[in-house]
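The values are calculated or read from the model by the stated rules, or taken from the named source; none is laboratory data. Note that this is a predicted model, so its numbers are computed, not measured. Cβ placement follows ideal geometry from the backbone for every residue including glycine, while neighbour counts extend to all protein chains displayed.
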Amino acid sequence: MPINQQEFRRVLGHFAAGVTVVTTRGEDGTPYGLTATAFTSVSLEPPLVLVCVDKRAESHPHFHAAQLFAVNFLAVDQEHLSRRFAATGGDKFSNLVMHRGTTGAPVLSDALGHLECRIVDVVEAGDHTIFIGQVEAADARDGEPLLYFRGAYRRIGG
Ligand SMILES: Cc1cc2nc3c(=O)[nH]c(=O)nc-3n(C[C@H](O)[C@H](O)[C@H](O)COP(=O)(O)O)c2cc1C
């Protein structure tokens, strides 16, 4: 018998995660994105990562259509961006320093790091879709990461 959802969420909250904003673009070039902690590296050769996106998310169909995404690692001073991208609706990208990456995905220029990916596999898994992407470009800068642990934003040592 599966564990009840409340207990599942409580225990999952004890796993400390880095916070990302995963972005893609619509067919007309409109940028879409959401806050996601369900991100992991998968393979070094070829370089693969995955992100799990809720099927109810507004941005979900655009990942399918665009076949590309970027993963932006948030820095400790970017909690406001995590909150902004964790809410559906509104212009999430207004007043953001961003640029179009080599794949065409929107990249948050001030993020701690980013990976630009071409989707090579899609796995339907319960109420989420796992998008597996091959990394085509990546960059990172010095700085401290934003963390999420037991329902709160944290910093290393804080
Ligand atoms: C810390 C945090 C982590 C999250 N991680 C994920 C995730 O990994 N996958 C996901 O689909 N949603 C995740 N969410 C929820 C989405 O960010 C949220 O549903 C968002 O509104 C979706 O945006 P959209 O509907 O505009 O696509 C997370 C939210 C927070 C606050």
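Would you say Phe85 is more than 9 Å from the ligand (Cβ to nearest atom) and of a type in the set (Phe, Trp, Tyr)?
Numbers: more than 9 Å from the ligand (Cβ to nearest atom): no; of a type in the set (Phe, Trp, Tyr): yes.
So Phe85 fails the test.
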### Query
Taking strands (runs of 3 or more DSSP E) that do not extend beyond segment 110-158, which have at least 3 residues that are more than 24 Å from Ala57 (Cα to Cα) and modelled with pLDDT of 95 or more?
128-140
### Query
Which of the residues belonging to segment 107-137 are in contact (Cβ under 8 Å) with a residue 40 or more places away in the chain and of a type in the set (Gly, Ala, Ser)?
Ala111, Gly113, Ala125, Gly133
#### Entry: strands (runs of 3 or more DSSP E) completely within segment 1-107 that count 2 or more residues being buried (at least 21 other Cβ atoms within 10 Å of the Cβ) and at pLDDT 95 or above
20-25, 31-36, 48-54, 68-73
